[in-house]
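Please read the structure below before turning to the comments.
FYI, it's all coordinate maths here, none of it is from the lab. Given the structure is predicted, the values throughout are model-derived calculations rather than measurements. Note that we place each Cβ from the backbone using ideal geometry, even for glycine, and neighbour counts take in every protein chain shown.
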Amino acid sequence: MSGINLIITEKPINKIGIVQMNKAIAHRGPDGEGYQELYNGKIWLGHRRLATIDLSDAGKQPMSFMSGRYWLTFDGRIYNYQELREELEAYGYKFNSNTDAEVIMAAYDKWGEKCLNKFNGMWAFVIIDLHNDSIFISRDRFGIKPLYYYIDKDKFLCASEIKALLSYPDVHTEPDIDACKDYLLEGPKEYLRKTLFKNIYRFEPASFVNLDIKTLGKESINPIKYWSINPNLSSEEYSDKEMLNYKEQYLKLLDDSIELRLQADVKIGSALSGGLDSSSVVYLVNEAILKQGSKNKEQDRQHTFSSVYKSKGLEYCDESKYIDHLASFLNLISHQIEPREEDIIREHRKMIYFYENPPAGSCMSGWHTFKCVSQTDVKVLLEGQGADEQLAGYLSYLCNYITDVSSTRLVKSSLQALKIPASRKYALAGVVLNQVKKFRFLQNLLFKWKPSLIRFIKPLNQTSVDDIQNNLVNLLHYSDAASMAYSIESRMPFMDYRLVEFLARVPAAYKIHNGWTKYLARQSFANKLSQDIVWRRDKMGWPSPEDKWFRGNLKEWFCTTIEGSAFLQSIGEGQDISKRIGSRESITTLIRLLNLSVWYDVFFS
């Protein structure tokens, strides 16, 4: 994990620009930095290093390969690099380090852009080929690692974070008002090329671009998609026999993904929310530790990190009883932190600075989890992100499932879901939409009245894929931004592309069954974890008591910040907050106003 920077200019420049860009993202790599001048000062590569594999100087970047033909600056981790290295050595390639960075360059030399299909991991990288005067830029399949760029007639800049681009002289940007208004209306969209900063763009997930150095600036940047997910949209019915097969494959893939992500030369820990996904990861990590048969069992106990809410009145957000239960059961070292009201005022501005594009909510639980990690010697954290989207963990997926079932299964499926109080509104909506979709004119009337309902008419697996490619990218960005703010490497076992492709092929009937969401995952861990974790009916997922905070003791600060924002006033937003916060308006909608007002102050005041 690292931070990367690239400068390409028409005329030679000195290293001041790349030094400034590296300095802006020093938090992404506290273990060292590097610069490389190419083409007599017309190209500069920059790198900040967070060392977790091969801690020696051999892992320094920017790195060259094949007698200086290729130069690389790379952020991320290729988990199957050792397997690829052996394959490349069989072709005659020689390596000077034990890093995945060298393997990336050798793979690119051997297979060209098709090397991306061989990588299992997360990445954002730039390769300069001095022989062909070309630049190869790529981002991982899911957009775990960020990558932004700025281009005008004089220069092309590329960086892990927007603040690095802003640190370079003569970068002209201002708030994109249309994008800001869209954020207030619909929330963040980290999956799009467009950002809230004019003239600054992001490379989209699962994309690459080949650029000709000689013509750069005269042609537009048009990244190419190299990977997509093909969901199983069949209406296959549930079978106990097939469930056994799917359970076996699921556990095997998840276990292998975790083993790959346990490779490190530093201490590793796990995020633990108390839900099924993070508990599953923690359980399998513990199994891997036991397999290793360590002589020092106390030293190798697994460290877990959690945000909890034990204060009076916040019990509805607290999952500590599940966390404590698992910690006792698996003999974990449990680190817990409780975000408090005073932390919001003190840290909200800092969080916005690192997130760069304002998030959907306060994000305090995730932010504080990484803060908790930073207070220990753990440098790598495993997380459970991505499981809900793939395994149908959100209650809203019940609506998609019931909408798509056959008439003969409709009554049974809906009655099962109605037994669970939290599921009832989605089950009833599914029954209605199941009938509405039979009549095109009713569909058209309904969607014209409420366009947001369109997502619920789609088959479950299609909606799942849509969410992986859209909203999940927001969550992955939050994890990267928060982890890097505290110089921690975040790894996500559920985002192994093999597991994602497998779960997209699993029919919907195995993900939702008998009224239960995430049925395949529950069945897979039914004999491993306690029943109160496996069969929990309440879903939280890094919750924060935002209503209590912002409609309570923080109300004055909240309203004053929003109503005092000249920027919000200039775009016709942020009026009557004192009145609106006392209404039934969604707190999430109001938090967006807070986030946007602070975002403007941080980056433009």
Checklist entry - What is the order of Arg346, Arg301, Arg202, fewest Cβ neighbours within 10 Å to most? => result Arg346, Arg301, Arg202
Item to check | Positive minus negative residues near Gln569 (Lys, Arg vs Asp, Glu; Cβ under 14 Å) | outcome: -3
Next on the checklist: For a test of the definition: using alpha carbon positions, the gyration tensor, and the 1.5 limit on a/c, classify the range 183-295 as rounded, prolate or oblate.
Outcome noted: prolate
Next on the checklist: Can you tell me, using C-alpha contacts under 8 Å and at least 6 residues apart, the relative contact order of the range 2-225 as a whole percent?
Outcome noted: 20 percent
Checklist outcome for this item: Most exposed first, judged by fewest Cβ atoms within 10 angstrom, Val378, Val285, Val103 run Val378, Val285, Val103
Checklist entry - Given the C-alpha centroids of the range 561-586 and the range 279-344, what is the distance between them in whole angstrom? => result 39 Å
Next on the checklist: Let me make sure I get this right: for the range 1-90, a, b and c are the square roots of the gyration tensor eigenvalues over alpha carbons, sorted descending. Under 1.5 in a/c it's rounded, otherwise prolate if a/b > b/c, else oblate. Which is it?
Outcome noted: oblate
Next on the checklist: With 10 angstrom as the radius, rank Arg491, Arg580 by how many other C-beta atoms surround their C-beta, starting from the fewest.
Outcome noted: Arg580, Arg491
Item to check | Three-way shape call for the range 547-604 based on the alpha-carbon gyration tensor, with the a/c threshold at 1.5 | outcome: prolate
Checklist entry - What percent does the relative contact order of the range 547-604 come to when contacts are Cα pairs within less than 8 Å and at least six residues apart? => result 37 percent
Item to check | Whole-number percent relative contact order across the chain, with pairs defined as alpha carbons under 8 Å at least 6 apart | outcome: 15 percent
Checklist entry - For Kirkwood radius over Cα pairs in Å, which listed value, (1) 27.3; (2) 25.5; (3) 31.3, comes from the coordinates shown? => result (2)
Checklist outcome for this item: Using alpha carbon centers only, the range 161-210 is separated from the range 240-272 by a whole-angstrom value of 34 Å
Checklist entry - Do any trypsin sites (Lys or Arg not before Pro) in the range 67-100 lie in a DSSP loop with no more than 11 other beta carbon atoms within 10 Å, and if so, which? => result Lys94
Checklist entry - Once you list every other residue whose beta carbon is under 12 Å from the beta carbon of Lys214, what net charge do they have if Lys and Arg are +1 and Asp and Glu are -1? => result -2
Checklist entry - Per-residue ellipticity at 222 nm for the chain, helices alone: DSSP H runs ≥ 4 residues times -39500 (n - 2.57), over residue total, nearest 500 deg cm²/dmol? => result -12500 deg cm²/dmol
